[in-house]
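Notes follow once the structure below has been shown.
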Amino acid sequence: MNQTHLPGTELPLSEFTARRERFFTSMPENSMALFPAAIELTRSNDTEYPFCQNKNFFYLTGFPEPDAVLVLIKEKTNRVVLFSRAKDALQEVWHGRRVGQELAVSAYGVDECFTLDKQDEFIPEYMADKSNLLYCIGAAESVSESFEIKVLSWLKAVKAKSRLGKKAPTNIIDCSNIIHEMRLIKSEAELELMRKINKISGVAHQRAMKQSTVGKFEYQIEADILHEFASNGAKSPAYATIVAGGDNGNILHYTENSDTLKNNELLLIDAGGELAGYAADITRTFPINGVFTNEQKAIYQLVLDAQLISIQSIKPKSTLAHLNKIACGFLTEGLHNLGILKGDLSTLIKEKACKKYFIHGLGHWLGLDVHDVGDYKSNDKREQTREFEPGMVMTIEPGLYIPLDDISVEEKWRGIAVRIEDNIVVTETGYENLTVNAPKEIVQIEALMANS
Ligand code: GLY
Ligand code: MN
Ligand code: MN
């Protein structure tokens, strides 16, 4: 077994070949599957957004380049074919090195690799006389639309040869579910990467707490976070970093990060690094000046306790629906105790009254994507009834959001936004919290900020 890490993946080749072999076992007889790499996206004129590899393609290959196509052919024996960019001295001087076809075979363990210009000739040949064609139909990724046009053109090319006795596949199978279910259950090697990126991200949150000062801009704290990610080996964030002071925290996906930090306000930071493709997704909320006000403390402690009791209920066979019920009941009772929700408590709990202030879900799967793939199995009440299994990773992120213009509550509560988000693995006996070093107890936060 080759234990050398594939460049940029921090995983051995054996991890990727094992994944492909597992995918083959889910393919029907006499079939082929296609997985496209991502494409480069223009930011403006001739500049591009930072490249992000398609995660399904990455999961099966670890291959870093845009435009490539992976073909898995299941006949009497299994065959793995890759199409990738041709070596090109001039292009490589301007835009960067390319793996090329020889190295794709020797380092990435595919059986054959051809240049991209061979796709239109070879792929229809592979398709001919296969019964089944698998690909991720209607995927959200940017490559999806242009790739589906190509798939149709390859199918048409086979059909055009029907008088020569070639038959195109008649079963077109959406294999999203197969690959998503594989990605949902993490291997030990994947968990180790997720532990690492959580630790790195936790240090970044500590730094944000230490650097927080009235008058700074939100983007300056963002710069501290990104610096800490990169200093520790995580080149980029897994998603756009949210640094939201005061009422900005009430905008769930606030990424402008352009305001100044104000005295007596909270700072909500949702930031996670990406390491070898794997995401952390951590939120911390803390007082900009280092000391919680009484109202901030009350809301914060309520969210924290809701998070702690939700996490404690994670074990195999539990569900997000169950956790949501626990968290929602707890938050509703807490808001009632604070006088923010008024009326009969049991009615409020039945009506999930906390949802007025807890306006998003309790958590989501986490992995190569921050909102990772995998079925949640909703029932007719839109509850997520998927039973937990060892190796699943999820976020637990309760929050309470009281906008500045909410005149239904006393003024003292307005403008408070709190979310606390950790990343949790389901284990054989319960759970493991990956988010070990981002402080979240009030005394821990205040002590850290007092000493900085
Ligand atoms: N960072 C996005 C989320 O928490 O879901
Ligand atoms: Mn999240
Ligand atoms: Mn988050």
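A short reminder: the numbers here are calculations on the coordinates, not readings from a lab. The model shown is predicted, which means the values in this text are computed figures rather than measured ones. Reconstructed Cβ throughout: ideal geometry from the backbone, glycine too, with neighbour counts over all protein chains shown.
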>> Considering all projection directions equally, how large on average is the shadow of the alpha-carbon convex hull of region 87-163, in square nanometres?
In response: 7.1
> Between region 406-452 and region 148-182, what is the C-alpha centre distance in whole Å?
Replying inline: 49
>> If I take the Cα coordinates of region 274-348 and project them onto the principal axes, what are the three extents in Å, biggest first?
In response: 49, 41, 16
> Across region 342-355, in residue order, what do the Karplus-derived ³J(HN,Hα) couplings come to in whole Hz, using 6.51 cos²θ - 1.76 cosθ + 1.60 with θ = phi - 60° and x for Gly and Pro?
Replying inline: 10, x, 6, 4, 5, 5, 4, 5, 4, 8, 6, 4, 4, 4
>> So if the hydrodynamic radius of the chain is defined as the Kirkwood radius over C-alpha pairs, what does Stokes-Einstein give as its diffusion coefficient at 25 °C and 0.890 mPa s, in µm² per second?
In response: 102
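Let me know the Kirkwood hydrodynamic radius for region 118-261, please, with Cα pairs as the basis and the value in Å to one decimal.
Taking the inverse mean of 1/r over all distinct Cα pairs, region 118-261 comes out at 19.7 Å.
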> Which value results when the Cα radius of gyration for region 235-280 is divided by 2.2 N^0.38 Å?
Replying inline: 1.28
> Which far-off residues, 5 or more places away or on another chain, put their amide H under 5 Å from the one on VAL143, with H placed in the peptide plane?
Replying inline: ILE39
> With point charges of +1 on the Cβ of Lys and Arg and -1 on the Cβ of Asp and Glu, referenced to the Cα centre of the chain, which listed residue (ALA140, HIS180, ASN78) lies farthest in the positive direction of the dipole?
Replying inline: ASN78
> When we measure straight from the Cα of LYS412, which lysines land under 18 angstrom away, once same-chain ones fewer than 8 places off are left out?
Replying inline: LYS262, LYS297, LYS342, LYS356
>> Can you tell me which lysines have their Cα less than 23 Å from the Cα of LYS199? Leave out same-chain residues fewer than eight positions away.
In response: LYS55, LYS186, LYS210, LYS235, LYS315, LYS440
>> Contact order normalised by length for the chain, with contacts defined as Cα pairs under 8 Å and 6 or more residues apart; what percent is it?
In response: 13
> In degrees from 0 to 90, rounded to the nearest 10, what is the angle of the helix 218-231 Cα long axis to the longest principal axis of the chain?
Replying inline: 50
>> Which three numbers, in whole Å and largest first, are the semi-axes of the equivalent ellipsoid of region 229-310 derived from its Cα gyration tensor as √(5λ)?
In response: 25, 17, 11
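Is it possible to state the helix-based mean residue ellipticity at 222 nm for the chain, with each DSSP H run of 4+ residues giving -39500 (n - 2.57), the sum divided by total residues, to the nearest 500 deg cm²/dmol? What is it?
So the calculated ellipticity at 222 nm is -11000 deg cm²/dmol.
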> In terms of modelled amide H atoms, which long-range or inter-chain residues lie less than 5 Å from the amide H of GLU274?
Replying inline: SER236, ALA238
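Only loop residues by DSSP count here, and only those with at most 10 other Cβ atoms within 10 Å; note down the trypsin sites (Lys or Arg not before Pro) in region 257-328 that meet that.
The qualifying sites are LYS317.
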